[in-house]
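Structure, as C-alpha cells:
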Protein chains: 2
Amino acid sequence: MDNKLVRNAAGRLVPEVFNGQTAIPYMGVGKFKPNGTKHAPPISSCADYPANGDKRCQTLRDALIKSGLCDGMTISTHHHLRDGDYIANTVFDIAHELGIKGLRWFPSASFPCNAHLIPYLEDGTIDWIEGSMNGPLGEFTSRGRMKGTAVLRSHGGRVQAIQDGEVKIDIAVMATPSCDMFGNANGLGGPSATGVLGYAEMDVQYADKVIMVTDNLVPFPCLPMQIVGNFVDFVVVTDKLGEAERIISGTTQITRSPDRLIIAELTARFCEAAGIIYDGCVVQAGAGGISLAIAEYIKAILQKNHWRIRVGFGGSTQYMTQMLESGLMEYILDGQVFDTEAIRSLNENRNHHSFSVFNAYNYHSKGNFTSMIDVVTLGATEIDVNFNGNVVTHSDGILLHGIGGWQNCLFAKNTIVALPLFRNRIPVIVDEVTTLCGPGDLIDVVVTERGIAINPLRTDLIEKTKDSGLPIKTIQELKEEAETICGKPDKPKFADKIVAIVKWVDGTVIDVIRQIAD
Amino acid sequence: MDNKLVRNAAGRLVPEVFNGQTAIPYMGVGKFKPNGTKHAPPISSCADYPANGDKRCQTLRDALIKSGLCDGMTISTHHHLRDGDYIANTVFDIAHELGIKGLRWFPSASFPCNAHLIPYLEDGTIDWIEGSMNGPLGEFTSRGRMKGTAVLRSHGGRVQAIQDGEVKIDIAVMATPSCDMFGNANGLGGPSATGVLGYAEMDVQYADKVIMVTDNLVPFPCLPMQIVGNFVDFVVVTDKLGEAERIISGTTQITRSPDRLIIAELTARFCEAAGIIYDGCVVQAGAGGISLAIAEYIKAILQKNHWRIRVGFGGSTQYMTQMLESGLMEYILDGQVFDTEAIRSLNENRNHHSFSVFNAYNYHSKGNFTSMIDVVTLGATEIDVNFNGNVVTHSDGILLHGIGGWQNCLFAKNTIVALPLFRNRIPVIVDEVTTLCGPGDLIDVVVTERGIAINPLRTDLIEKTKDSGLPIKTIQELKEEAETICGKPDKPKFADKIVAIVKWVDGTVIDVIRQIAD
C-alpha cells in the first residue's frame, strides 16, 4: 500500500497508488475525460476450437486448469445467483486445492453465502476482492484483515473498468441457467433460472478465457442468446448452480412498516406534485420494500390520470410485470430479475426485454440510459447536509454494502433518496457522510417519514412543489429533528490503514474506507 | 503497389505489401495462428453526449463534419439496403462536395446502384474499395482504373478484419430502418425495412465514429435493439433510405429452368442418400433460384420421413418461413432477410431470431456457427479439377462478384457446390480456377445437371452413395463432358498489374486479380 495521499475534488484524501496500480483522484462529475483506448483481448482462431461446436469440459477443475489458472490471476464471477450461488465459492475451493495463491476476485456483487471465502482470504488463496463486500466480507475488510486493498465499484463502474482495461480478467467463470455446448446462454430456463444475464456480458467479451457453468445443458442453439458462445472457451455441466430459493424470491414483498409506507406515499405524492411522473415517463424501480411501495402509490397516480409509463427499468418484480400486463407500463428493460413472476413475464411478454448493464450504466460509452430516466428512487445509509450520499458503510464506519447501481442511477433527471430519518435510533442525516459514494450535486430530493428536503440546486422542484401541501423542509431541519429525537451520533473511529477504495463511475477515486478502530 | 510477390501455400503469387499495408500470404486452412490483440477503439465518456439521449443531427453532412471527416479516412457502410441503397452513395456525394480526397470505402457489399461512385473513384474522392465489387464496379476494377488495390473479403473476413484492426473504420454510416434518438436500432419496421442488421454490428462496435441514418425515427426505446445506441455518435433523420422494392423482394422465386431444377433435385437426393439430411440437422439455405429449389426438394424429404430441421441459417425467404411455420424447421437464425414474408416472420415468430455475421462467420473467434452446419449448398463461377472454387471472376477474368459468405460456408460439415455444367456455352469445371477463392479440401461435392462429383478426400460420402443410383462421376469426367459439348475455353489474358487482393477468412492473402488485358 502506497500511502501518499492527495485531496480529490470532493475534499477526500485518497491514494494515487494501491495494489500496485495507479488511479486518478475524483475530479468532479463529468470532469475526467478518458483519452486511452478500450481493453484489447487476444485474438482467437476457430482452428483452436472444436469444429462441431462442442466445448464441454468434464469438470470445472479441468476447465480452470485448461484456462491456465495460476498465481496472481483475476477471476470474475457474476451475482445473478445471489445468495444461492455455489459457483464462485467452488472456483476458489478448486484454486485452494490446486495450491494457487494471490488471486484477485472480481465479482459483480457478493452475498452472505460468499463468507465461505474468508478462509481463502486468510490463507493467501485470494489477496483481495474488487466488487461489493456485503455483510461478513465487509466486516472482514473493515477489520483490516484483507491482504490487498478492496476496491468498490458501482455496477456501471465495473463495466467501465473492464472495458477500459483497468481490470483485466484472466478467467471469467459464468454460471448460466441455460447453456448449449457451444456456450450460447441465457437465464430464462432450468432449475437455477435468473431470467437475465445482464451482468455477465462484459466479462464474457473481455476476459482472456471464459468458462460457462450450467446445470441445464440445452441443445444448440440456446435461444435467445443473451450470451453468444463465440466468446466462450469451455462449457461445464454441473449438478446444481445453487439454491434456487435463494437465487430468486418466490415473491417480492412490499414493506409493511407504517413509517416506510409514509415515506413511499410522500415520495409518490412528491413525484406527482413536481410533474416528474407524467404520461410517457421513464422510471427505474427497485426491489426493496420501500421501492415496491412507491411503485404501488405511483400505480394509483397513473390509474387516476389515465397515464402510462413508457419504460420501467428493472430489476424487475411481480409489481412491474403487473403494470406491464395491465397496460400501465409499455416496456420493461431488464438487467436483473428479482422474482419468479418476472421470469415468467420475460418468457411471455414481447415488451419485456433483457438488456445489459453496459447499456444502462457504463459511463464510458457514447451516452447511457440512466440519464434518460425521469425518476429513480434510491436508498442510502447516510445523507449529509450537502446532499452527499453514502451507501457502503454504516454510521459505525463498518463496510456492509456494495454500491450496486446506486452511483449510476444518480444521473437520472430526478434522483430521490427515500429513507427513514433514523435507523435503530441512529440518524441517517449527518453533517458529513462517513464514506462519500455520490456527490450532493446529483441527489435532488431526500424523502423521510418526517419531511422532504429538496436540494437547493433544484430551484425548479422547489418552485413546483411550494404549494403542494407536502411537508417540505430543509435538510438541516430534518437533521435537527432526528437529533432531537435520537441525540447526535458519535462519529466512528478509524485506524490509519486504508482497507478499501471507492471508485466513481468514471474510474476515479472518490473516497477510501479505513480500518475500523478496535 | 509494391510488386514483390511470394508464392503462398496454394501456389499463388501474392504481394506481401499493398496499399502500403503488409499482409500474410495464405498458409493453408487453419494454419495461420493470430497472436495479437483485437482492435481497441477510443474510450468515450457520457460527459460528451447529451444527457437526454438525443443525438440527432440536422443532416448527414453535419454529422460527417462533426465526425471529423477528412482526407484518407475509411468510411464503412452495410449492404442491407442492397440495390435500393441511397445512403452509401450520398456519403460520397457529400465528401465530394466538401472536397475530401483519398477515402477508402469499406462496404459489407456493393450493388449495381453503387456504380454512382465511379466518378468519385476517377476524381480521387475514393482511392479504393475494400468489399465486394459487383457488376460495374468489378469491371471498373478489372480494367485497372482504381487508384489503389481493391481488397475482397468474405462477410466473415470483413468481421475478422474489423475485429483484428486490419481495417480501422474512421466513420461508420449505418442506414437503419428503425432507430430512436439515442441510436438504438433494428431493421424490422419502417418504409425501408430490412428485417435484420446482422452486417452492421461490428462496424458500430469498432468504428471511431458511428452515424445512424434513418427514415423511421421511433420513440425511445427502439426494440428489439439489434444495434445498441451506446456505440452511436449521431442520428440523422432523412426522407428515404432507399428504393423499398430494390431493398427487399416482394417474393423470392424458385428457378424455372429445367436444368437448374435437375441440379436441385440431384442435390437433394444426394443429401438424402448420403445421410446428410436427417431429423435434427442444421442447414444453411440461400436465396438464389437453385438454392430455393433445393429447399423445396428437401422439404419433400423431410415430410416423407417425418423429420424436421433443427436450425435453418438465413438469409431467410418465404420458403424458410413456410418450413418454420409448418413445423418442418424448429428455428431460423437470420443474418439477412430476402423478402417481405421473412420480415413478417421475424416480427411474428419467436423461433425466428436475428443474429450477427460475427456469430456465424468470424474465423477469429472462439468457434463460429458455420462448422456446425450439416450441409450448405453454394454456387461458384468456376470449380477446378482439384475442387478449388472461384466465386469472384468469370472465366473471362473479369471481376464481377463479391465473396459474400461463400468462403465462410465452406467450413460446413458438407459443402456442396451446385451449378450448371456450363453457362453461355462456357464450361464451369476447369483445369485451374482463374481466381482461387476457396481451397479444394473444403469443397466436398459438385452437383451439375449432368452428374455429381465427390471430392476424393470424402471417402465416406463416396461409400455412402455408391449404390444410390445417382449419376456419380469424377470431376474430370464432368469437365470432359462439358468440353465435349462446348469445346475447351480460352484462358483469360491478363496484364501485370494487380488490381485486387483476395483474402482468406483468416486475413491471409489467398490470391490476386490482375488487370484484364485489352
The listed residue being on the phi > 0 side of the Ramachandran plot, within 14 Å of another protein chain (Cβ to nearest Cβ) and either without any contact (Cβ under 8 Å) to a residue 40 or more places away in the chain or in contact with a helix residue (DSSP H, G or I) (Cβ under 7 Å, 6 or more places away or on another chain) (or both), out of B:Gly11, B:Gly30: B:Gly30
B:Ala342, sole failed condition from (1) within 16 Å of B:Ser291 (Cβ to Cβ); (2) of a type in the set (A, V, I, L, M, F, W, C); (3) assigned to a strand (DSSP E or B): (3)
Given (1) touching an Asp or Glu at 6+ places or on another chain (Cβ under 6 Å); (2) buried (at least 18 other Cβ atoms within 10 Å of the Cβ); (3) farther than 30 Å from B:Ala161 by Cα, index of the condition B:Lys299 fails: (1)
Subset tally (residues that are on the phi > 0 side of the Ramachandran plot, at pLDDT below 95 and assigned to a loop (DSSP other than H, G, I, E, B)) for region A:110-135: 1
Top-ranked residue in region A:160-217 [being of a type in the set (Phe, Trp, Tyr) and either in a loop (DSSP other than H, G, I, E, B) or more than 24 Å from A:Thr37 (Cβ to Cβ) (or both); ranked as nearest to the other protein chains (Cβ to nearest Cβ)]: A:Phe182
Some residue of region B:432-451 being within 17 Å of B:Glu481 (Cα to Cα) and small (Gly, Ala, Ser): yes
Whichever residue in region A:14-27 is surrounded by fewer than 18 Cβ atoms within 10 Å (Cβ to Cβ) and among the hydrophobic types (A, V, I, L, M, F, W, C) and, among such residues, is nearest to the other protein chains (Cβ to nearest Cβ): A:Met27
Residues located in region A:475-504, provided they are within 15 Å of A:Glu130 (Cβ to Cβ) and either charged (D, E, K, R) or assigned to a loop (DSSP other than H, G, I, E, B) (or both): A:Lys503, A:Trp504
Subset tally (residues that are outside any helix (DSSP H, G or I), more than 13 Å from chain B (Cβ to nearest Cβ) and not polar (S, T, N, Q)) for region A:321-334: 2
Selection from region A:136-155 of residues that are surrounded by fewer than 18 Cβ atoms within 10 Å (Cβ to Cβ) and either in a helix (DSSP H, G or I) or free of Cβ contacts under 8 Å to residues at least 40 places away in the same chain (or both): A:Glu139, A:Arg145, A:Lys147
Yes/no for A:Leu5 being free of Cβ contacts under 8 Å to residues at least 12 places away in the same chain, more than 14 Å from chain B (Cβ to nearest Cβ) and within 22 Å of A:Ser142 (Cα to Cα): yes
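A quick yes/no check of all residues on (1) at pLDDT below 95; (2) assigned by TED's automatic domain parsing to the domain that holds A:Arg310; (3) under 19 Å from A:Ser154 (Cβ atoms); (4) more than 16 Å from the chain's Cα centre (by Cα):
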{"residue": "A:Phe355", "(1), (2), (3), (4)": "yes, yes, yes, no"}
{"residue": "A:Tyr361", "(1), (2), (3), (4)": "no, yes, yes, no"}
{"residue": "A:His364", "(1), (2), (3), (4)": "no, yes, yes, yes"}
{"residue": "A:Ser371", "(1), (2), (3), (4)": "no, yes, yes, yes"}
{"residue": "A:Gly397", "(1), (2), (3), (4)": "yes, yes, no, yes"}
{"residue": "A:Trp406", "(1), (2), (3), (4)": "no, yes, yes, no"}
{"residue": "A:Cys409", "(1), (2), (3), (4)": "no, yes, yes, no"}
{"residue": "A:Asn424", "(1), (2), (3), (4)": "yes, yes, no, yes"}
{"residue": "A:Ile429", "(1), (2), (3), (4)": "no, yes, no, yes"}
Those residues of region B:359-392 which are away from chain A (no Cβ under 14 Å), assigned to a loop (DSSP other than H, G, I, E, B) and among the hydrophobic types (A, V, I, L, M, F, W, C), in sequence order: B:Ala380, B:Val385, B:Phe387, B:Val391, B:Val392
Of all residues in region B:48-70 being polar (S, T, N, Q) and within 14 Å of chain A (Cβ to nearest Cβ), the one that is surrounded by the fewest Cβ atoms within 10 Å (Cβ to Cβ): B:Asn52
Sole residue being within 14 Å of chain A (Cβ to nearest Cβ), in contact with a Pro (Cβ under 9 Å, 6 or more places away or on another chain) and among the aliphatic types (A, V, I, L, M), chosen from B:Leu421, B:Leu410: B:Leu410
Tabulated pairs, region B:397-408, first more than 23 Å from B:Ala517 (Cβ to Cβ), second among the charged types (D, E, K, R) and part of a loop (DSSP other than H, G, I, E, B), C-beta under 9 angstrom, 6+ apart or interchain: B:Gly402/B:Arg153; B:Ile403/B:Arg153; B:Gln407/B:Arg153
Total residues in region A:267-294, condition surrounded by fewer than 22 Cβ atoms within 10 Å (Cβ to Cβ), farther than 20 Å from A:Phe369 by Cα and either touching a strand residue (DSSP E or B) at 6+ places or on another chain (Cβ under 8 Å) or not assigned by TED's automatic domain parsing to the domain that holds A:Thr381 (or both): 0
Filter result (surrounded by 22 or more Cβ atoms within 10 Å (Cβ to Cβ), in contact (Cβ under 8 Å) with a residue 40 or more places away in the chain and more than 8 Å from chain B (Cβ to nearest Cβ)) within region A:342-355: A:Ala342, A:Ile343, A:Leu346, A:Ser354
Sole exception among (1) more than 27 Å from A:Pro191 (Cβ to Cβ); (2) under 22 Å from the mean Cα position of the chain (by Cα) for A:Gly102, by number: (2)
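The values are calculated or read from the model by the stated rules, or taken from the named source; none is laboratory data. Quick caveat: nothing in here was measured; it's all calculated off a predicted structure. Counting neighbours? That spans all protein chains shown, and the Cβs are built from the backbone with ideal geometry, glycine included.
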